[in-house]
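Comments concern the structure below.
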Amino acid sequence: GTVREGAAPADAAATFELTSPPLADVVRDINKYSNNVMAQQVFLTLGLLRNPSSGGMRAAPEDAREALKQWLRERLGESLDGVVIDNGSGLSRQTRVSAALLARVLQRAWGSAVMPELMASLPVTGTDGTLRRVKSNSSGRAHLKTGSLRDVQALAGYVLGASGKRYVLVAMINHPNAGAARPALDALVQWTINDSARP
């Protein structure tokens, strides 16, 4: 009738076992609905994988940060000066990443084996996730992840132009009036879609 802390007997049978959904399903839930708690858990899991000596008992944020930076260095082959990753959810005033770097990550992901899962995980304009309420000519033509904090609005992903060409789009606004920038971001998406109308 009470909870007691201690080691289970060596011959005790497991009471239950829980198997995680496949990573693609987890990432889809994170991206479609901006699930910050799940994003942080995936981030910390990177740290566990990088430091197996912890025996799976301690997920250290510093291990996760280094694992992510190592992943970026291996794929982009460049200096990450100025890049600061504070946590896995992006809900941090200390995190620093450029739009150019994020665009390169998305370009690299486009040619990777996991591209279909990544695309399927991103909210589709006017259709689902955090972009389901966007009603415009862009409906169904853009797979974009949104991001926001006080004084920050961001959008990143892929846009299918009217010409049939697919574009990487990244926009970040850091300003006390960033909350008023939503129409500008929507206009940028629409401008990208209207590529055949440009010279």
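The values are calculated or read from the model by the stated rules, or taken from the named source; none is laboratory data. As the structure is a prediction and not an experimental result, all values here were calculated from the model. Glycine gets a Cβ as well: all are built from the backbone with ideal geometry, and neighbour counts include every protein chain shown. With ligands, DNA and RNA removed, areas are computed over all heavy atoms of the protein, side chains included. Shrake-Rupley method; radii C 1.70, N 1.55, O 1.52, S 1.80 Å.
Protein heavy-atom surface of the stretch 131-199, 1.4 angstrom probe: 54% of the accessible area is carbon and sulfur, with nucleic acids and ligands not counted. Solvent-accessible area of the stretch 1-129 (1.4 angstrom probe, protein heavy atoms only): carbon and sulfur portion equals 57 percent.
Rounded, prolate or oblate: which one fits the stretch 119-179, using the alpha carbon gyration tensor with axes a ≥ b ≥ c (rounded when a/c is under 1.5, else prolate when a/b beats b/c, else oblate)? Numbers along the way, then the final one.
Details: a/c = 2.09, a/b = 1.65, b/c = 1.27.
The shape class here is prolate.
Taking Glu74, Glu66, Glu17 as the candidate residues, the one with maximal mean-square fluctuation in a Gaussian network model of the chain, Cα springs under 10 Å, is Glu17. So what's the stretch 1-108 giving for Rg/Rh, alpha carbon basis, Kirkwood Rh from the mean inverse pair distance? Looking at the stretch 1-108, the ratio lands at 1.08. The Cα atoms of the chain define a convex hull whose projected area, averaged across directions, is 16.0 nm².
In percent, how large is the relative contact order of the stretch 66-162, given Cα pairs closer than 8 Å and 6 or more residues apart? Write down the numbers at each step before the final one.
Values: 101 pairs, mean separation 14.9, N = 97.
About 15 percent, as a whole number.
Normalised by residue number, the volume inside the convex hull of the Cα atoms of the stretch 154-194 is 44 Å³ per residue.
Restricting to Cα pairs below 8 Å that are 6+ residues apart, what does the relative contact order work out to for the chain? Please round to a whole percent. Working shown, then result.
On the way: 276 pairs, mean separation 29.7, N = 199.
Value for the chain: 15 percent.
Solvent-accessible area per residue in the chain equals 63 Å², computed with a 1.4 angstrom probe and all protein chains kept. Classified by the C-alpha gyration tensor, the stretch 90-149 has an oblate form. Its axis ratio a/c, with a ≥ b ≥ c, is 1.5 or above, and a/b does not exceed b/c.
First select every other residue whose beta carbon is under 12 angstrom from the beta carbon of Gln70; then total the charges, Lys and Arg +1, Asp and Glu -1. Mind showing how you got there, number by number?
Numbers: positive: Arg50, Arg65, Lys69, Arg73, Arg75; negative: Asp63, Glu66, Glu74.
Result for the local shell: +2.
For the pair the stretch 124-193 / the stretch 60-116, the C-alpha centres are spaced 20 Å from each other.
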